[in-house]
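S.K.: Have a look at this one before I ask anything.
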Amino acid sequence: MIEKITDIGILSGVSSPLLPLLYADLRYPATDVDGVYTQRENDKVKSFVSLKNGCATVCAVEEDFSHEEMNSFLSFLHVGQALSNAPLDDTFKSVALMEITPQPCNSGDLQVTSPMWKTSQYKALYQLLSEGKEGFDSWFADFSRRVNDGFALGVCSSDYVSCAIVPCVYENCGIIAGVYTHEQHRGQGRAQMCVKGLLGALFDNGIKKAFLWCDEDKVKFYEKSGFRMIGNLYIREEI
């Protein structure tokens, strides 16, 4: 049985790099359907699934969770894009899951997101990340609220051509969900500089672990910044 939850306490004791995403979707639903659901069998939690803006994150906590029920649930809600720590069917592709322990770093001329940021700074960051995104007003309302709650963190170059962002934090772990450099400025080490600056900012904010996932061709790039591969996640991208 799959049912919606409202108490974050049910996540206590669960160990998964996906927890910051589940926490984010529980705290910041966009619609009545959005939020976190549990899949139970005989009163035992088998998996969690969170929904946000038509996308799903599936966190299996037991190997014998019902793939059929989960796939039926996602199909019923017309979810086309999903991330999972277990392959749900053959439409999912494998991506590398990587981990790092943040270390001190001098951010130099990097801009660090904070509650003191001005709208013009948010607009510059949005313009860098805007491809395929929704409108600025919606993006600004969500991201700035997270920054003001101490829930999001990011760094970007002073000329706003490269950035690295952690929009999801839970307890002492964070997920790096955005590393981007404008195509005209790639190959100059800017993205690696932003990642190192972000890790320093995470360290300053008490974050002990940071995770990201990427395609295999990006693994060496992140290994240069100190990340290590710890496994795989599975993604079904919207068609």
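The values are calculated or read from the model by the stated rules, or taken from the named source; none is laboratory data. Fair warning: this is a prediction, and the values are worked out from it, not measured in the lab. Cβ coordinates were reconstructed from backbone atoms using ideal geometry, including for glycine residues, and neighbour counts include every protein chain displayed. Protein only, heavy atoms only, side chains kept; ligands, DNA and RNA dropped before computing areas. Shrake-Rupley method; radii C 1.70, N 1.55, O 1.52, S 1.80 Å.
S.K.: Is there a residue being hydroxyl-bearing (Ser, Thr, Tyr), open to solvent by less than 40 Å² (accessible area, probe 1.4 Å) and within 20 Å of residue 176 (Cβ to Cβ) anywhere in region 90-106?
M.R.: No, every residue in region 90-106 fails to be hydroxyl-bearing (Ser, Thr, Tyr), open to solvent by less than 40 Å² (accessible area, probe 1.4 Å) and within 20 Å of residue 176 (Cβ to Cβ).
S.K.: Which ones in region 37-64 are farther than 19 Å from residue 12 by Cβ and not aliphatic (A, V, I, L, M)?
M.R.: 41, 42, 52, 53, 54, 55, 63, 64
Residues are listed down the side, and each one gets a yes or a no for (1) touching a Ser or Thr at 6+ places or on another chain (Cβ under 8 Å); (2) free of Cβ contacts under 8 Å to residues at least 40 places away in the same chain; (3) within 26 Å of residue 10 (Cα to Cα):
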{"site": "117", "(1), (2), (3)": "yes, yes, no"}
{"site": "136", "(1), (2), (3)": "yes, yes, no"}
{"site": "143", "(1), (2), (3)": "no, yes, yes"}
{"site": "148", "(1), (2), (3)": "no, yes, yes"}
{"site": "167", "(1), (2), (3)": "no, no, yes"}
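S.K.: Among (1) modelled with pLDDT under 90; (2) in contact with a Gly (Cβ under 9 Å, 6 or more places away or on another chain); (3) basic (Lys, Arg), which single condition is residue 4 missing?
M.R.: All conditions pass for residue 4, except number (1).
S.K.: Taking the condition closer than 28 Å to residue 30 by Cα, of a type outside the set (Gly, Ala, Ser) and at pLDDT 95 or above, does residue 213 pass?
M.R.: Against the criterion (closer than 28 Å to residue 30 by Cα, of a type outside the set (Gly, Ala, Ser) and at pLDDT 95 or above), residue 213 qualifies.
S.K.: Can we say residue 87 is open to solvent by less than 20 Å² (accessible area, probe 1.4 Å) and in a loop (DSSP other than H, G, I, E, B)?
M.R.: no
S.K.: Quick check on my filter: what residues within region 67-96 are of a type in the set (S, T, N, Q) and under 21 Å from residue 33 (Cα atoms)? Quick ask: steps written out before the conclusion?
M.R.: Pass one, region 67-96, residues of a type in the set (S, T, N, Q): 71-72, 75, 81, 84-85, 91, 94.
Those that are of a type in the set (S, T, N, Q) and under 21 Å from residue 33 (Cα atoms): 71, 72, 75, 81, 84.
S.K.: Among the residues of region 114-172, what is the count of those that are surrounded by 21 or more Cβ atoms within 10 Å (Cβ to Cβ), assigned to a helix (DSSP H, G or I) and aliphatic (A, V, I, L, M)?
M.R.: 1
S.K.: Sort through 14, 36 and tell me the only one that's more than 20 Å from residue 231 (Cα to Cα) and of a type in the set (Val, Ile, Thr).
M.R.: Answer to the check: 36.
Here is a yes/no grid of residues against (1) over 18 Å from residue 17 (Cα atoms); (2) assigned to a helix (DSSP H, G or I):
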| site | (1), (2) |
| --- | --- |
| 180 | yes, no |
| 193 | yes, yes |
| 197 | yes, yes |
| 201 | yes, yes |
| 206 | no, no |
| 212 | no, no |
| 218 | yes, yes |
| 226 | no, no |
| 231 | no, no |
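S.K.: Quick one: which strands (runs of 3 or more DSSP E) lie wholly within region 1-77 and hold at least 1 residues that are open to solvent by 70 Å² or more (accessible area, probe 1.4 Å)? Please lay out each step first, then the result.
M.R.: On the way: elements: 2-5, 35-41, 44-52, 55-60.
Strands (runs of 3 or more DSSP E) meeting the threshold: 2-5, 35-41, 44-52.
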